[in-house]
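The values are calculated or read from the model by the stated rules, or taken from the named source; none is laboratory data. Keep in mind that what you see is a predicted model, and the values were worked out from it rather than measured. Every residue, glycine as well, gets a Cβ built from its backbone with ideal geometry; the counts of neighbours run over all protein chains shown. Please note that ligands, DNA and RNA were not included when accessible areas were found on the heavy atoms of the full protein model with its side chains. Shrake-Rupley method; radii C 1.70, N 1.55, O 1.52, S 1.80 Å.
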Amino acid sequence: TPGLSGEDLARMMNESALFAARKGKKLIDLSDIEDAKDKLMMGVERKSAVINDAEKKITAYHEAGHVLIAKMTEGSDPVHKVTIIPRGRAMGLTHYLPIEEKHSYSKTYIFSKLLHLFGGRVAEELIFNDITTGASNDIERATDIARKMVCEWGMSEDIGPIHYGVKNDNPFLGKELTRTSSISEEIGKKIDTAVQNIIFKALEKTREVLTENIETLHKIAEALLEKETLDGKQIDEILAMSVSAKNGKINGHDLINDI
Ligand code: ZN
């Protein structure tokens, strides 16, 4: 337990005793200390992360961007919870909960996933006229998905259903895609262009949607700044009051025209 003071350790043992008591045990064992440590570490992390108001505001708009896009695209996974309380390395989190386990994904679903991922970055850009490093993980995941659309899933009209690269098990959390040496320089360039096209189209559409619904974006971000965490029901209530959000979700098929 590096970094913990004597006082922290005393508190940890106290928590361990509570965990043991809850399980009706007479003695503390290692599993109780483990649980107590997790609780203490996470608590410490949350409290020690001093976040200034400006950073908090950026995080609120970033997460609100993710939420709004997810709510505005047809067939998206429902947003389970969104928070601006830092956890681990993340400043905030938007948690999606699929209704059912999916085994294959449509092009419209995957493309709308790119919009979700860019929702955070684009919200920052629109509201603050500046961008932060906070979107790096979103960008990484979006790039990975766009590459797979082109090289593995045959979802680019310019490239067609030809496999370029190595196989990968997890469509959304996969490893780095390494191209096979059989790809010519010309095809390599074509692939890069196709990936860029998909990314730029997703960005453009994300900007369009957030601009049209900017009032709702403000409402979600303000609610987040006030409450720090919103659940699916609270998000739905905000959207129900919004005129622009009611005016229509984005149809997935319109999204993937000419990609
Ligand atoms: Zn994000």
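Being among the polar types (S, T, N, Q) and touching a residue at least 12 places away in the same chain (Cβ under 8 Å) is the filter; apply it to segment 106-133 and report the residue that is farthest from the ligand (Cβ to nearest atom). The qualifying residue farthest from the ligand (Cβ to nearest atom) is Ser106. The lone criterion from (1) in a helix (DSSP H, G or I); (2) open to solvent by 50 Å² or more (accessible area, probe 1.4 Å) left unmet by Asp130 is number (1).
Among the residues of segment 135-153, which ones are within 16 Å of the ligand (Cβ to nearest atom), open to solvent by 50 Å² or more (accessible area, probe 1.4 Å) and not acidic (Asp, Glu)? Selection gives Ser136, Asn137, Ile139, Arg141. Which residue, of Lys102, Lys113, is in a loop (DSSP other than H, G, I, E, B) and of a type in the set (D, E, K, R)? Sole residue among the options that is in a loop (DSSP other than H, G, I, E, B) and of a type in the set (D, E, K, R): Lys102.
Let's see how each residue does on (1) modelled with pLDDT under 80; (2) open to solvent by less than 60 Å² (accessible area, probe 1.4 Å); (3) among the charged types (D, E, K, R):
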residue	(1), (2), (3)
Leu18	no, no, no
Ile28	no, no, no
Gly43	yes, yes, no
Val50	yes, no, no
Lys56	no, yes, yes
Glu63	no, yes, yes
Ile69	no, yes, no
Glu74	no, no, yes
Ile84	no, yes, no
